[in-house]
Structures are given as C-alpha cells and as structure tokens.
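The structure under discussion appears below in the form of structure tokens.
The values are calculated or read from the model by the stated rules, or taken from the named source; none is laboratory data. In this text, all values refer to a predicted model and were calculated from it rather than measured experimentally. Methodologically, a virtual Cβ is constructed for each residue, glycine included, from the backbone with ideal geometry; neighbour enumeration extends over all protein chains shown. Accessible surface areas use protein heavy atoms only, side chains included; no ligands, DNA or RNA. Shrake-Rupley method; radii C 1.70, N 1.55, O 1.52, S 1.80 Å.
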Amino acid sequence: KQWYQRRVRGGRGRGRGQRINVDVPETKKNKDIGNNSFDTAEKKEGRATRFKKENAISVSDTINTMMQSANKRGGEDVHFSDGHLVGTMTSLEKPYLRLTCAPSPDQVRPEPILVKSLSHIMTKWKKEQNYHFVCEQLKSVRQDLTIQNIKNSFAVKVYECHARIAMEKMDTTEYNQCQTRLMDLYACNDSGNPNEFLCYRILYYIYINNTSDALKLIASLSKKQKQNDDVAFAIKVFKSWSEGNYCQFFKLYLVAPKMSGYLMDAYVQRERNLAMKKLVKAYKPSVSVEKVAGLLGYPDSQTTLVYLDELSTVYTNADRTNIDCKKTVIDLS
C-alpha cells in the first residue's frame, strides 16, 4: 500500500488535496526498485553498451547533418570541432569535390602539405595564368583547412590569395566567399591585411547596390581604421557614388590603390551608362566628346568614341567631336 495525493473532481471546493489509501499491485518494476537491481554489474554493462551505440549514432548523424548543410553552401563551411580530424594525404594537387559524407584522414591534407600546395599553386598561376585550375585547387585547399578547423595566419594567407586572384579575373562569387570567411579569420588573428580587405568590402557593397550595409559598416569603423589610406579611399568612392557625383567617382577610379581598380571594373561600366544618361539631358543641345571623356574617366577621346558608338550616340558633325544631346537616346534596358 502506498499513499497518493489526488484531486477529486466534483462539487466546488470539494475533495481538494484528499489523501487516500490506494492498493498498488506489486510488479517486477517495483521489486527492482526496491532491490536496487539497476546497480548490478550486468545492468551497468548493458547500459554502457547501449549508450555507446547511441553516442556513435548521434555523432554520425551530426556529421551527416553538417555535410548536408555544407553541401548547400558549396561544401566548404563544415567544422569538426567535436572530433578533430588531421589529414594524412600528401598530394600537392587535389580536385575540389563537394562533400556528401564525412571524409577520412587519407582524403584530407594536413597543414604542412597545404603550405607546400599553396606555393605550388601560386607558382603555376604566375607561369600559366590558368584561372580554372588555380580556382579549383585553392577551393580544395580552403576545404581542407575548414574540415580540420584551421584558422591561423596560414588560413588568412590562403583566403587573401584566392580573393585577389578572383578580383583580377572579376569572379565576384568566389571573391565574396573569400571575403566573408576573412571577416571571421581576422577576428581571431592579428595577421593579414584587414584594412585592405575592408576597403574591398565597401567597394563590393557598391557593386551589389547595398547602401544600407555599407553605411552600417562605415559607421562601425574606428577612427584609426578611417585614417587608413585604403579605407579612406573606399569611403570617398562610396560617398561620391551615393551622392551621384560621377565626376568625382571616375577621378577616384583612375587612382584606385592596390587591387581596388579590379573590383571597381565590375561595375564602372554600369555607372558610366547611368552618368551618360544624365549627361545628355544636362548638356543639351550638345557636348564635346573630349569633355565626356574627362567626366567618364576615359584616357582619351578615341577610347571614348568606342564606348559612345556602343550606345548608338548621335553626333553633330562628321568628325564626331560633338554629341547631339537632343537626338541621342541612352537605352539602358
């Protein structure tokens, strides 16, 4: 017999908290509790075996879940912090494959091999300029770094190298992936060139027309960061672009430091088209080609004429030295 407390439903306020005597039939479970049979060696061993199996299944499921998630993001952003993996592969070149399952150590290169691999890749890049090969190999290096959770100065170097090459080839997709990862790596490293890539990040926001995030980033910068030459340049470019000051924008484009010019090349033609549309409205009835060349950042009139002919520009004379702003229609569709 055991005592149980229950509420007896019925009249209002009736039977609240009554204690009643209930006969509980004796079962095997009750006997076990009374005899503490769960402390026997046999029970302990059974539980240990069961937990071991469940833990193994849980780890496997976790890795597979990470793999599926990483696959959606290109197969790179997967971490194994719970079970640190150190690769044993020694090949300097390895094709990039999206991960569909947890890799084994013999499929991953350790950091010393990755250092040699990066040197090998950069040597081939300087000699052959084969971007398809270099991009695949650098993605493979990045993947091996991520799998082994390597976030040191070498990882920063790899991502900076790939970002610069991607900018040079105007591969904004790969550049953005490297830039995003570098933000995390700079947070846990004192190495690399954070201000240089901060400059590129502001310029990239112009490329994707993301004014709000650019303003948030600039507002979050410290006084020291704003005094950096690269960052100060990017802020000037953003200001001229956001204010529609095309004259200042193209002047800055001509003096872009380091690799800023490569990134600006991705959208400078778009901005020229927008500027030209405003020029033909503002300079009616006509404007000289020489003046347009200076406003749009072209080095000479001949180069400007090539651009103007693509827009089906109408001229006032046979020498094509003046643009007929009334008859010229800039179609940006």
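Things worth noting here:
- Boolean, ASN245 is open to solvent by 10 Å² or more (accessible area, probe 1.4 Å), among the polar types (S, T, N, Q) and touching a residue at least 24 places away in the same chain (Cβ under 8 Å): no
- Here LYS291 meets each of (1) surrounded by 15 or more Cβ atoms within 10 Å (Cβ to Cβ); (2) more than 30 Å from ASN193 (Cα to Cα); (3) in contact (Cβ under 8 Å) with a residue 40 or more places away in the chain with one exception, condition (3).
A quick yes/no check of all residues on (1) modelled with pLDDT of 95 or more; (2) out of contact with any helix residue (DSSP H, G or I) (no Cβ under 9 Å at 6 or more places or on another chain):
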| position | (1), (2) |
| --- | --- |
| PHE249 | yes, no |
| LEU274 | no, no |
| LEU279 | no, no |
| PRO285 | no, yes |
| VAL306 | no, yes |
| ARG320 | no, no |
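- Some residue of region 107-126 being open to solvent by less than 60 Å² (accessible area, probe 1.4 Å), of a type in the set (Gly, Ala, Ser), more than 28 Å from MET259 (Cα to Cα) and over 16 Å from the mean Cα position of the chain (by Cα): no
- SER240 being surrounded by 15 or more Cβ atoms within 10 Å (Cβ to Cβ), free of Cβ contacts under 8 Å to residues at least 60 places away in the same chain and either small (Gly, Ala, Ser) or in contact with a Leu (Cβ under 6 Å, 6 or more places away or on another chain) (or both): yes
- Residue match in region 142-155 (condition: in contact (Cβ under 8 Å) with a residue 24 or more places away in the chain, within 23 Å of ASP265 (Cβ to Cβ) and open to solvent by less than 20 Å² (accessible area, probe 1.4 Å)): no
- Checking each residue in region 248-278 for being among the basic types (Lys, Arg), under 18 Å from GLY294 (Cβ atoms) and open to solvent by 30 Å² or more (accessible area, probe 1.4 Å) picks out LYS251, LYS277, LYS278.
- Selection status of ARG201, modelled with pLDDT of 95 or more, within 21 Å of VAL255 (Cα to Cα) and open to solvent by 50 Å² or more (accessible area, probe 1.4 Å): no
- Condition check for ALA219: part of a helix (DSSP H, G or I), out of contact with any helix residue (DSSP H, G or I) (no Cβ under 9 Å at 6 or more places or on another chain), of a type in the set (Gly, Ala, Ser) and modelled with pLDDT of 95 or more: yes
- The C-beta contact set for region 254-266 (first residue over 14 Å from THR172 (Cβ atoms), second residue part of a loop (DSSP other than H, G, I, E, B) and open to solvent by less than 90 Å² (accessible area, probe 1.4 Å), distance under 6 angstrom, 6+ apart or interchain) comprises LEU254/GLY297.
- Helices (runs of 4 or more DSSP H) enclosed by region 82-188 - at least 1 residues per element that are in contact with a Ser or Thr (Cβ under 9 Å, 6 or more places away or on another chain) and polar (S, T, N, Q): 111-128, 131-147, 153-168
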